[in-house]
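The values are calculated or read from the model by the stated rules, or taken from the named source; none is laboratory data. This one's a predicted model, so the numbers in the text were calculated from it and none came from an experiment. We place every Cβ from the backbone using ideal geometry, glycine too, and count neighbours over all the protein chains shown.
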């Protein structure tokens with residue numbers, strides 16, 4: 001019977017017999033005993049058994065260490081696996097690349113940074129070149145979470161230089177997130193341009209971590225904006241997505257909007273001034289820029305400004321997409337006094353062969369029901385004709401003849417009337433950011449640990465070569 005198939009009580013009985021009969025176990029005996037422990041899932045006893053042998057002056061074999069380490073990694077105990085690996089090194093026992101790979105994967109799965117960084121550095125130092133792409137992506141995710149752009153950049157160089165892997169969005173996005181979590185918004189913004197230049201076009205989803213980071217307060221938004229000005233001064237290109245990201249952040253600042261927190265007033269002034277800075281930043285606004293502006297107008301309940309942006313988008317020759325129409329229709333439906341234009345945009349949308357989404361019909365239907373407008377039924381029939389499933393809340397509205405109309409049927413509800421009047425009376429032609437640079441610079445501190453593009457890689461390691469990395473990207 002092999003050690004792995006022995007029942008636990010039989011294993012202990014045999015081992016006790018050996019000791020009671022004063023028989024001298026061989027290293028093979030100890031190896032079999034450890035194998036039996038591990039086969040039974042007794043990992044902690046296996047770790048203790050190694051220590052017992054050492055106290056007896058018996059040196060465990062490399063195979064025993066290796067088998068124990070594999071089992072520890074299988075059960076995803078990264079700290080114990082890392083400690084065992086360090087113990088082998090301290091005893092000058094031979095270690096193999098597979099051991100470092102196992103501990104690295106285990107550490108990555110459990111986001112254990114110490115073990116991961118140590119094993120990664122050993123892989124670089126010993127030039128182990130057969131770490132698979134999946135493990136590298138796991139390391140990238142850890143680097144992103146803990147704000148380690150240096151580590152993320154090393155992994156990308158490893159993938160391109162040694163594994164010959166063409167970089168894609170899922171490789172570069174973790175580096176962007178690592179910059180964000182390292183509080184380096186400037187580098188994160190620059191990464192958007194780097195990704196685009198590398199043929200990996202970022203989108204609004206790619207930039208969501210930036211929005212979440214800088215929408216915490218207006219100071220963060222201003223810092224992000226000034227980082228774009230710094231990129232221009234450095235002779236770098238600013239991607240239009242970077243501009244759009246700041247505008248989107250103005251919608252959600254301090255938890256406004258409905259994505260990152262409770263509703264407060266969006267910062268419509270900063271959104272407008274950011275848009276007006278496009279030419280200075282060398283950025284040409286696109287449809288997503290105007291969609292972001294319309295989103296801010298919707299959150300601010302500023303219909304007139306939204307219509308101005310719509311007109312400006314058309315003058316610029318930019319074709320509205322489905323999201324543009326959705327936001328304008330929502331904006332028209334968000335005011336009590338007049339929602340007639342919602343039907344105009346709906347018909348224009350269909351004339352452009354753009355299929356209205358189910359949410360557009362839901363918004364129009366709820367608005368009509370709230371105003372006792374008989375066109376609610378027509379919108380419902382049209383919604384059915386497109387094959388959309390009618391949501392339960394819409395069915396209830398019609399079943400009860402609109403009795404259950406509540407403010408919760410709206411996406412946002414009406415803004416405070418005084419706020420609407422205040423916003424509507426504002427003049428958006430002034431330079432809101434003038435005079436803010438001095439105030440911002442006074443509070444700005446230098447982070448000595450920040451990694452910029454000149455110090456991202458060390459000069460003493462081939463895998464840390466910035467030129468090689470950028471050559472791959474560009």
**OP:** Give segment 119-141 a look and list any residue that's buried (at least 21 other Cβ atoms within 10 Å of the Cβ) and in a loop (DSSP other than H, G, I, E, B), or say none.
**Re:** 131
**OP:** Examine segment 322-329 for a residue that is surrounded by 15 or more Cβ atoms within 10 Å (Cβ to Cβ), in contact (Cβ under 8 Å) with a residue 40 or more places away in the chain and under 20 Å from residue 266 (Cα atoms), and state whether such a residue exists.
**Re:** no
Subject >> Residue that is within 28 Å of residue 275 (Cα to Cα), at pLDDT 95 or above and not assigned by TED's automatic domain parsing to the domain that holds residue 243, where the choices are 312, 382, 304, 362 >> reply: 312
Subject >> Yes/no for residue 156 being assigned to a loop (DSSP other than H, G, I, E, B), touching a residue at least 40 places away in the same chain (Cβ under 8 Å) and buried (at least 17 other Cβ atoms within 10 Å of the Cβ) >> reply: no
**OP:** Identify the single condition in (1) more than 37 Å from the chain's Cα centre (by Cα); (2) in contact (Cβ under 8 Å) with a residue 40 or more places away in the chain that residue 366 does not satisfy, given that it satisfies every other one.
**Re:** (1)
Original post:
So which of 311, 359 is out of contact with any helix residue (DSSP H, G or I) (no Cβ under 6 Å at 6 or more places or on another chain), closer than 17 Å to residue 287 by Cβ and in a helix (DSSP H, G or I)?
Top reply: 311
Original post:
Which of the residues spanning segment 212-235 are surrounded by fewer than 17 Cβ atoms within 10 Å (Cβ to Cβ) and part of a loop (DSSP other than H, G, I, E, B)?
Top reply: 216, 217, 234, 235
Original post:
Picking from 53, 85, 34, which residue would you name as being modelled with pLDDT of 95 or more and part of a helix (DSSP H, G or I)?
Top reply: 85
Subject >> Selected residue [under 21 Å from the mean Cα position of the chain (by Cα) and outside the structural domain of residue 204 (by TED's automatic domain parsing)] from 164, 148 >> reply: 148
**OP:** Could you please find all residues in segment 105-118 being within 15 Å of residue 146 (Cβ to Cβ) and in a helix (DSSP H, G or I)?
**Re:** 107, 108, 109, 113, 114, 115, 116, 117, 118
